[in-house]
Amino acid sequence: MNYIIFDLEWNQPTEEATAIREPFYLPGEIIEIGAAKLDEHFHVIDTLRVYSKPQHYKKMHKRIASLTGIHDRLLEEQGLPFPEAYRKFIDWCGEKYAFMTWSMSDLPTLIDNMALHGIDISGLPDWYDLQRIFGREIMRGTVKYSLEYAMEVLGESGDAAHDAMNDSVNTAKICDHLDLEEYLDEYASRVFAELPNDRSFDSQQTVLQDPELLRFSCPWCGKAVACEGWIHDWKQNYVSYGQDEDGDEFYVTLSVSRLCDGTFRAKRIFQEMSDDLWEQYQDKKEALEV
Ligand SMILES: [Zn+2]
């Protein structure tokens with residue numbers, strides 16, 4: 001079993017008004033996949049960097065170019081079309097692998113880009129959120145810390161941030177401080193994505209009250225999963241808990257985007273409920289009641 005730590009960089013439309021909305025709203029197009037491969041003892045055995053040439057947001061956004069150091073010419077010379085870049089990445093992952101990332105925030109962008117190119121999103125592997133594991137095992141809470149902060153706490157020095165490969169290698173250094181062989185199993189959780197859709201909402205309130213967004217079919221048994229009301233997580237992100245009559249349980253996240261025309265879009269991701277996700281959900285719920 002390989003553990004694949006990866007990080008993504010993506011480009012944005014130079015002007016919000018030019019963001020593509022068909023077949024769905026696309027906030028970011030992937031330009032770089034950086035990854036570190038760990039063996040079953042969590043030692044880094046290989047690294048990978050793949051550039052992808054954007055098809056929609058071809059001109060690099062100034063802020064992103066200066067943040068990542070990725071410029072038009074680099075992508076012109078080294079960027080592969082996304083399906084090829086993705087294939088290269090997945091082939092490199094090996095036969096059996098699980099994903100590890102620092103936070104789950106790159107996940108919606110990955111799903112969007114896969115869906116945009118017709119890549120199957122139904123077979124995502126087990127997924128470990130190292131930000132969550134670090135928070136619980138080292139900081140003993142459910143607060144989210146930045147990778148930079150975690151490195152500092154652990155006395156690690158890293159390579160420059162905002163480079164997908166460096167960030168992956170830096171994240172791998174955190175693993176040395178976590179007893180993953182002992183407790184990784186506790187954090188196992190499957191992730192399920194649904195295809196992005198083009199439903200438009202006229203306010204944040206209508207998103208949060210939409211009954212369709214509070215139900216879905218269980219990916220295991222197909223039965224109806226009913227969710228509790230959305231609880232605010234951070235920025236425009238919300239969480240909920242869903243359960244079906246067979247007792248299958250899910251931790252559901254919803255991210256809401258406001259487009260420049262004032263309309264809203266919503267994106268959901270389901271995770272298999274685990275003990276620590278349950279605790280995280282309860283924490284948020286209690287915080288709301290105080
Ligand atoms: Zn079920």
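The values are calculated or read from the model by the stated rules, or taken from the named source; none is laboratory data. No experiment lies behind these values; they were computed from the predicted model shown. Counting neighbours? That spans all protein chains shown, and the Cβs are built from the backbone with ideal geometry, glycine included.
For ILE70, indicate whether it is in contact with a Pro (Cβ under 7 Å, 6 or more places away or on another chain), within 17 Å of ASP163 (Cβ to Cβ) and either hydrophobic (A, V, I, L, M, F, W, C) or assigned by TED's automatic domain parsing to the domain that holds GLY135 (or both).
On the way: in contact with a Pro (Cβ under 7 Å, 6 or more places away or on another chain): no; within 17 Å of ASP163 (Cβ to Cβ): yes; either hydrophobic (A, V, I, L, M, F, W, C) or assigned by TED's automatic domain parsing to the domain that holds GLY135 (or both): yes.
Against the criterion (in contact with a Pro (Cβ under 7 Å, 6 or more places away or on another chain), within 17 Å of ASP163 (Cβ to Cβ) and either hydrophobic (A, V, I, L, M, F, W, C) or assigned by TED's automatic domain parsing to the domain that holds GLY135 (or both)), ILE70 does not qualify.
Test SER105 against the criterion of being within 29 Å of TRP234 (Cβ to Cβ), outside any loop (DSSP other than H, G, I, E, B) and without any contact (Cβ under 8 Å) to a residue 12 or more places away in the chain, and give yes or no. Give the derivation first.
On the way: within 29 Å of TRP234 (Cβ to Cβ): yes; outside any loop (DSSP other than H, G, I, E, B): no; without any contact (Cβ under 8 Å) to a residue 12 or more places away in the chain: yes.
It is false that SER105 is within 29 Å of TRP234 (Cβ to Cβ), outside any loop (DSSP other than H, G, I, E, B) and without any contact (Cβ under 8 Å) to a residue 12 or more places away in the chain.
So which strands (runs of 3 or more DSSP E) stay within the stretch 24-102 end to end and still have 2 or more residues that are touching a Leu at 6+ places or on another chain (Cβ under 6 Å) and within 21 Å of PRO125 (Cβ to Cβ)?
Numbers: elements: 29-38, 44-51, 97-101.
Here the list reads 29-38.
Would you point out which residue out of ILE121, ILE90, ILE111 is out of contact with any strand residue (DSSP E or B) (no Cβ under 6 Å at 6 or more places or on another chain) and within 16 Å of VAL191 (Cβ to Cβ)? Reasoning before the result, please.
Working: ILE121 fails: out of contact with any strand residue (DSSP E or B) (no Cβ under 6 Å at 6 or more places or on another chain); ILE111 fails: out of contact with any strand residue (DSSP E or B) (no Cβ under 6 Å at 6 or more places or on another chain).
Exactly one residue qualifies, and that residue is ILE90.
Scan the stretch 262-271 and tell me whether some residue there is within 16 Å of the ligand (Cβ to nearest atom) and touching a Phe, Trp or Tyr at 6+ places or on another chain (Cβ under 6 Å). First the steps, then the outcome.
Restricting attention to the stretch 262-271, the residues satisfying the condition of being within 16 Å of the ligand (Cβ to nearest atom) are 270-271.
In the following step, the residues that additionally are touching a Phe, Trp or Tyr at 6+ places or on another chain (Cβ under 6 Å) were identified as 270-271.
So far as the stretch 262-271 goes, yes, one or more of its residues are within 16 Å of the ligand (Cβ to nearest atom) and touching a Phe, Trp or Tyr at 6+ places or on another chain (Cβ under 6 Å).
Out of VAL239, VAL252, I need the residue that is more than 23 Å from ASP198 (Cβ to Cβ), outside the structural domain of ARG140 (by TED's automatic domain parsing), modelled with pLDDT of 95 or more and β-branched (Val, Ile, Thr). Which one? Full working, then the answer.
Working: VAL252 fails: more than 23 Å from ASP198 (Cβ to Cβ).
The match here is VAL239.
Can we say ASP176 is over 19 Å from TYR241 (Cα atoms) and touching a Pro at 6+ places or on another chain (Cβ under 7 Å)? Lay out the reasoning, then the answer.
Values: over 19 Å from TYR241 (Cα atoms): yes; touching a Pro at 6+ places or on another chain (Cβ under 7 Å): no.
Considered against the rule, which asks whether it is over 19 Å from TYR241 (Cα atoms) and touching a Pro at 6+ places or on another chain (Cβ under 7 Å), ASP176 comes out as no.
A quick yes/no check of all residues on (1) among the small types (Gly, Ala, Ser); (2) within 12 Å of the ligand (Cβ to nearest atom); (3) in contact with a helix residue (DSSP H, G or I) (Cβ under 6 Å, 6 or more places away or on another chain); (4) free of Cβ contacts under 8 Å to residues at least 40 places away in the same chain:
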| residue | (1), (2), (3), (4) |
| --- | --- |
| VAL191 | no, no, no, no |
| GLU194 | no, no, no, no |
| SER200 | yes, no, no, no |
| GLN205 | no, no, no, yes |
| ALA226 | yes, yes, no, yes |
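Given the conditions (1) at pLDDT 95 or above; (2) more than 30 Å from PHE264 (Cβ to Cβ), report the number of the one that ALA115 does not fulfil.
Against the list (1) at pLDDT 95 or above; (2) more than 30 Å from PHE264 (Cβ to Cβ), ALA115 comes up short only on (2).
Could you please find all residues in the stretch 210-224 being near the ligand (Cβ under 7 Å from one of its atoms) and touching a Cys at 6+ places or on another chain (Cβ under 6 Å)?
none
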